[in-house]
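What follows is a set of notes on a single structure, which appears directly below.
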Amino acid sequence: MQNITANGYKRITKRTAERLYKMGQPILFCPVKLIPGGIWGNGCIITKEEGRTFEQVLNAFEYYNCNNETGYYTAFYIKE
């Protein structure tokens, strides 16, 4: 994982994102080839949802947002 800071967001690992999700902290999901607050989109701020696990939310996000142009996996960010 690259240490990236962009537009007030700091990139974190998937493990850290899952831990913060379980604690109820907001996390920014962004396709890997895009940057938060960039011209092509900001990503999606996710908070804990009742009855949905981190993996379920992540799979839904990747199904609809990750592709050849944006990247096939998700990068996770928190507000600095």
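The values are calculated or read from the model by the stated rules, or taken from the named source; none is laboratory data. Keep in mind the model is a prediction, meaning the values are calculated, not measured. Virtual Cβ from ideal backbone geometry, glycine too; neighbours counted across all protein chains shown. Accessible surface is based on the protein model in full, side chains and every heavy atom, while ligands, DNA and RNA are left aside. Shrake-Rupley method; radii C 1.70, N 1.55, O 1.52, S 1.80 Å.
What to note about this one:
- Distant-in-sequence amide H partners of Ile12 (H built 1.01 Å from N, under 5 Å): Phe76, Tyr77, Ile78
- For the range 17-58, the convex hull drawn through the C-alpha positions has a volume of 67 cubic angstrom per residue.
- To put it simply, the accessible area of the chain at a 1.4 Å probe is 50 percent carbon and sulfur.
- Accessible area per residue for the chain is 67 Å², calculated with a 1.4 Å probe on protein heavy atoms, without ligands, DNA or RNA.
- Taking a Cβ cut-off of under 14 Å around Thr5, the surrounding Lys, Arg, Asp and Glu residues balance to a net charge of +2, with basic ones at +1 and acidic ones at -1.
- Counting charges near Lys79 (Lys, Arg +1; Asp, Glu -1) among other residues having Cβ under 14 Å from its Cβ returns a value of +1.
- Radius 15 Å from Cβ of Glu18, net charge of other residues (Lys, Arg +1; Asp, Glu -1): +4
- Fully extended contour minus Cα-Cα distance, from Glu62 to Thr5, at 0.36 nm per residue: 18.3 nm
- Extension gain, Gln25 to Glu55, is 9.2 nm, computed as 0.36 nm per intervening residue step minus the present C-alpha separation.
- Computed over the chain: relative contact order in percent, which uses C-alpha pairs under 8 Å that are six or more apart: 42 percent
- Over the residues of the chain, the helix contribution to mean residue ellipticity at 222 nm works out to -8500 deg cm²/dmol, using -39500 (n - 2.57) for each DSSP H run of at least 4.
- Overall Cα dimensions of the chain - principal axes, largest extent first, Å: 32, 27, 20
- Extended-chain gain in nm, criterion 0.36 nm per residue less alpha-carbon gap, Tyr73 and Lys48: 7.0 nm
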